[in-house]
Amino acid sequence: MIQDIFPHKLDNHFFPARKPAEDSYVMAFRHQDILVKGEAFPRVSDFSGDCRDRLIYLFALDEDYYFFLDAGDEDTPLPDGYGFVNVRSFRRSGIAEKENVFLAFTALQLANWYRGNKYCGICGKETFKDGKERALRCECGNVIYPRIVPAVIVGITNGDRILVTKYKTGFAHFALVAGFTEIGETLEETVAREAMEETGLRVTNIRYYKSQPWGIVDDILVGFYCDVDGDDTIRMDEGELKVAEWRSREEIELQPDDYSLTNEMMRMFKEGKT
């Protein structure tokens, strides 16, 4: 999956006093686009002017430090040879190493949080960075932490078959039932609700598989397998899906890369490992 970057190690501890060195990396974003040259991220030495004063520490990969730069201002001077690429396109480019895709996804999640909380949602005053933890504070007392949205990936099994789906719009490859957890709902309740809403199926024997951060949309994805309970007639939600069907292990079509929890869950079933 996207976070499986061994032997590299992401250290996302917050160090508010950490300062950029000339060879530190800069994760510069303009909206949902990241600044790269091929798959390479720029370094601090590539920038001049007030850009350096605006850098915010994000995380470390091995011995390298990474800093966020909000380059949404069209007047921000950019280093020669670099250009903005949509983060989703960066993933699909085929030239980026997995660790760099993971860094881009994770940095975008933090970048969106910093950019989206410049002002307090309670009193409207400008927020400031906390000196001890990754948080933004307002003088009114409001404290804002990075947002993490829980969502489930659901592998509904029916003997030697699993239910696969295709979204009506957007992602073109086969996937599994998925959805966000509602307020006041357990993850297991989300599994049962999403299965019913998307496919009309009741499920039982809900069992946890694995989780995955998916920073591009602020998610923590939680994978579950479960069994169809009784009638296996699919009643597809046509507003969200264009395909929902049972497929045997041999018939499963995997996604083109190994980044997603969804793809790993389909592969595990296909290989008879679950």
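A few points about this structure:
- Residues being polar (S, T, N, Q), farther than 15 Å from residue 270 by Cβ, touching a residue at least 40 places away in the same chain (Cβ under 8 Å) and not in a strand (DSSP E or B) are represented in segment 197-218 by at least one member.
- Applying the set (1) of a type outside the set (Ser, Thr, Tyr); (2) at positive phi; (3) in a strand (DSSP E or B) to residue 230 leaves exactly one unmet item: (3).
Rundown of residues vs (1) in contact with a helix residue (DSSP H, G or I) (Cβ under 8 Å, 6 or more places away or on another chain); (2) outside the structural domain of residue 214 (by TED's automatic domain parsing); (3) in contact (Cβ under 8 Å) with a residue 40 or more places away in the chain, yes/no style:
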| site | (1), (2), (3) |
| --- | --- |
| 28 | no, yes, yes |
| 41 | yes, yes, yes |
| 48 | no, yes, no |
| 56 | yes, yes, yes |
| 63 | no, yes, no |
| 68 | yes, yes, yes |
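- Test set (1) over 22 Å from the mean Cα position of the chain (by Cα); (2) surrounded by fewer than 15 Cβ atoms within 10 Å (Cβ to Cβ) - residue 170 fails condition number: (1)
- One residue from 169, 186 being at pLDDT below 95 and either β-branched (Val, Ile, Thr) or in the same structural domain as residue 250 (by TED's automatic domain parsing) (or both): 169
The values are calculated or read from the model by the stated rules, or taken from the named source; none is laboratory data. Just so it is clear, the model here is predicted, and its values are computed rather than measured. Positions of Cβ are backbone-derived with ideal geometry, glycine not excepted, and every protein chain shown enters the neighbour counts.
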